[in-house]
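Have a look at the structure below, then the notes.
The values are calculated or read from the model by the stated rules, or taken from the named source; none is laboratory data. In this text the structure is predicted, and so the values were computed from the model without any measurement. Positions of Cβ are backbone-derived with ideal geometry, glycine not excepted, and every protein chain shown enters the neighbour counts.
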């Protein structure tokens, strides 16, 4: 039996470790697979950072997945396909370092064979993984959701233009491509979760021709989730959250200096999305 670690919707971890070393937390917060897809996918996206195939497989089978397949070179899991009779999930791991992601980001767009133009760096990261895993998606019998946090969400979006999933669910994901690319994702449900001041979903800039797909679920300063909020609401929440963070949290030892970074932590997405279902 899987014994989940406790978590509540109000939990917020501002530590550097939560963003830069999310794989160090090897606890599982998901009690079972009968929760809504977003609640399942958010924890799977966080667990992907563990990387260790043996540990991941043990946790996933404890949840009820009967088959787990890992992908990625040098023994570390960069993506995994977890299957059960009722639901399956293709989960992509996010970047190991947000600092590296921001420093090496390549805003140039490149033609994407299924249609439109896509962020060059994402294509380069996606290609080797896709060649390894694509054959395993042809005979799935249960509904399959594609998901990932940060760069993992971008990878999941690219995969969805090759094989249509039952749904695409991303957390703290960047913009991936142009409007022609976004049109490819209109054939199925797309839900993207954004944690308040998280910097990553604001990149690459719209001014450079990048856009988001699907329905936005916005996690406010109080960790409550609103669907398709107005731009004014988002701006107001982000300003308040950033100011309060600087006043009350940023100066404490071990904490990140900016709310825009702290909001990107996978555990903070888990607390808001999964915590709401467990309340």
| task | Determine the pairs where a residue that is under 18 Å from residue 159 (Cα atoms), located within the range 65-90, has a partner that is modelled with pLDDT under 90 and buried (at least 17 other Cβ atoms within 10 Å of the Cβ) with Cβ atoms under 6 Å apart, the partner being 6 or more residues away or on another chain. | result | 70/77; 77/51; 78/72
| field | Residue within the range 217-237 that is part of a helix (DSSP H, G or I), more than 18 Å from the chain's Cα centre (by Cα) and buried (at least 19 other Cβ atoms within 10 Å of the Cβ) present | value | yes
| task | From 253, 276, grab the single residue that is closer than 30 Å to residue 34 by Cα and either loosely packed, with under 14 Cβ neighbours inside 10 Å or within 18 Å of the chain's Cα centre (by Cα) (or both). | result | 276
| In the range 1-23, what count of residues is obtained for those that are farther than 17 Å from residue 39 by Cβ and modelled with pLDDT under 90? | 2
| task | Report the residue count in the range 175-208 for those that are out of contact with any helix residue (DSSP H, G or I) (no Cβ under 8 Å at 6 or more places or on another chain), in a loop (DSSP other than H, G, I, E, B) and crowded, with 19+ Cβ neighbours inside 10 Å. | result | 2
| field | Among the residues listed as 75, 127, 115, the single one being modelled with pLDDT of 95 or more and either more than 25 Å from residue 272 (Cβ to Cβ) or surrounded by fewer than 21 Cβ atoms within 10 Å (Cβ to Cβ) (or both) | value | 115
| request: Collect the residues in the range 23-44 that are closer than 21 Å to residue 191 by Cβ, touching a helix residue (DSSP H, G or I) at 6+ places or on another chain (Cβ under 6 Å) and part of a helix (DSSP H, G or I), keeping them in residue-number order. | output: 38, 39, 42, 43
| said: Just to check your reading of the model, which residue among 211, 149 is under 16 Å from the mean Cα position of the chain (by Cα) and closer than 30 Å to residue 245 by Cβ? | reply: 149
